[in-house]
Amino acid sequence: MTIGSIFTSPAVYGVTQNTAAQVGIETGLKAIGRPGFIVLDNNIDSQTKKYSAMKELLFQLTCLVVSLGVVVPVFKKGSFGIARKLYKDEAVFKAFKTSDEFKAYRSLSEEQKLEKLAEINKNSKTDYKPEDINEHLGKGMIEVSSIVGSMLGLSALSPMISRPFVRPVLKLCGFEKGEGQPASEKEEKKSVDTVA
């Protein structure tokens, strides 16, 4: 397998077109890269390195879980409900109740799409044809909701959730003895105070 065939594969193309996958990959790389660069920095003492790397890892993992596990799915689920109010006459938002139903339809072959639309028409007494279903608009709505959800998750909710979560975990692992300082700094400060 050549590098060119990897970049042109349908699987790689699919990932590049999926906002949730992009956010997951980016945050996963940050969870590996940021602590890794901290550990490689020779200008930081050993204890501070461990503390900082662990704190960054926990923060990035919290961001990943909050964004992809909670916020993005909620926004995706609500995307078709919002779209129905914005685009009242669009068949794509009338034919499919949820984004999951639409995504399942989108993955079908042309013949299977005809069968699915026939089933929808029978159940809802409509007469949709494949050309009535604006797949680009449906996909765009899902992606926009994923972008908004990931931005909200990464910039607002993750910091609020990670703050009360990270410190107790660091303390439990023996990295933090008090308020916001690595264990080594606490010990150093204590020994300086007793000498004075």
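The values are calculated or read from the model by the stated rules, or taken from the named source; none is laboratory data. Just so we're clear, the structure is a prediction, and the values are computed from it rather than from any experiment. Note that each Cβ is placed from the backbone with ideal geometry, even for glycine, and that neighbours are counted across all protein chains shown. Note: accessible area is taken over every heavy atom of the protein model, side chains too, but ligands, DNA and RNA are not part of it. Shrake-Rupley method; radii C 1.70, N 1.55, O 1.52, S 1.80 Å.
For Arg84 and Gln47 in one chain, what is 0.36 nm times their gap in residues minus the Cα-Cα distance, to one decimal in nm?
The Arg84-Gln47 span can extend by a further 7.9 nm.
Rolling a 1.4 Å sphere over the protein heavy atoms, what is the accessible area per residue of the stretch 113-163, to the nearest Å²?
In whole numbers, the stretch 113-163 has 61 Å² accessible per residue.
How much of the accessible area of the stretch 1-141, probe 1.4 Å, is carbon plus sulfur, in whole percent?
Here carbon and sulfur together make up 62 percent of the probe-accessible area.
Let's test the formula: R0 of 35 Å, r as the Cβ-Cβ distance of Arg106 and Leu172. What FRET efficiency results, to the nearest 0.05?
With R0 = 35 Å, the Cβ-Cβ based efficiency is 0.20.
What number comes out for the charge environment of Phe59, summing +1 per Lys or Arg and -1 per Asp or Glu over other residues with Cβ under 10 Å away?
My count for the surroundings of Phe59 gives +3.
What full-extension length gain, to one decimal in nm, is calculated for Ala118 and Asn18 as 0.36 nm per residue of separation minus the Cα-Cα distance?
Length difference between fully extended and current span is 33.1 nm.
Suppose every K and R has +1 on its Cβ and every D and E has -1 on its Cβ; what is the size of the dipole of the stretch 28-173 about the Cα centre, in Debye to the nearest 20?
Roughly 720 debye, rounded to the nearest 20.
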